[in-house]
Every structure is written in structure tokens, then in C-alpha cells.
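The values are calculated or read from the model by the stated rules, or taken from the named source; none is laboratory data. None of these values were measured; they are calculated from a predicted model. Here the Cβ positions follow ideal geometry from the backbone for every residue, glycine too, while neighbour counts run over all protein chains shown.
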Amino acid sequence: MPDRGAELEALVDELAEHRAIADAWVAKSFTDQLVVLDARTAELPSEVTATLAEHGLRGANEVYDTEARSQSFAGSVDGVARHQFVDMRTRGEHQSYVVD
């Protein structure tokens, strides 16, 4: 099985080439791996969200059951719309640190 981290890095490199995406990277929450996109427009193009879904990623707001209107919108930063997506293939497998 290929390294999932490497797969996600390749995906963000691909997505960063899209004209609507200002920046893209892989991040970690406490237990999950995330793909974060900074978009030049408030709404992500459908081809971007379709690509994310094909790779097993879902909007963080949807996954974490927040009351946000968007499945992925996390706010605006320096004039771009930040969106977060959870890797459902490895969800819950990460551990940021242990507290005794």
C-alpha cells in the first residue's frame, strides 16, 4: 500500500496548480490528516471538490458536524477563503501527543 502522506502531498501539488487555488498543503489535527486549501473565491470549483472526494477527503465542517453552512469553509485569511478537508481513509489514526 502506498504511503498515504505521499499521496496527499501529490494531490495538494496538483490542486495548487488550479487557477482558483492560491495555496494548498497537508496538515494534521489531533487525530486526523487534513488537506487545507486557500481559494481565491469563496466557493471552491466543483472539479476541485470532486477531486477531493475521489481521493477520500470530506469537508471538515461536515465530518466534525459543525453548524457551518459550508462543508469545508474555515474562514478568510489575507483575502483568500480557507477550506479544510479530512482524510477519511486515515481518520482517527494520528496522535499529535500523549498527555499523562
Residue list for the stretch 11-28, restricted to those being farther than 17 Å from Asp78 by Cβ, modelled with pLDDT of 95 or more and either touching a helix residue (DSSP H, G or I) at 6+ places or on another chain (Cβ under 8 Å) or part of a strand (DSSP E or B) (or both): Leu11, Glu14, Leu15, His18, Val26
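A quick yes/no check of all residues on (1) modelled with pLDDT of 95 or more; (2) out of contact with any Phe, Trp or Tyr (no Cβ under 6 Å at 6 or more places or on another chain); (3) part of a loop (DSSP other than H, G, I, E, B):
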| residue | (1), (2), (3) |
| --- | --- |
| Pro2 | no, yes, yes |
| Glu9 | yes, yes, no |
| Phe30 | no, yes, yes |
| Val36 | yes, no, no |
| Thr41 | no, yes, yes |
| Val48 | yes, yes, no |
Residue within the stretch 53-65 that is under 24 Å from Gly79 (Cα atoms), at pLDDT 95 or above and either of a type in the set (S, T, N, Q) or touching a Lys or Arg at 6+ places or on another chain (Cβ under 7 Å) (or both) present: no
Filter result for Ser76 (over 11 Å from the mean Cα position of the chain (by Cα) and either part of a loop (DSSP other than H, G, I, E, B) or surrounded by 15 or more Cβ atoms within 10 Å (Cβ to Cβ) (or both)): no
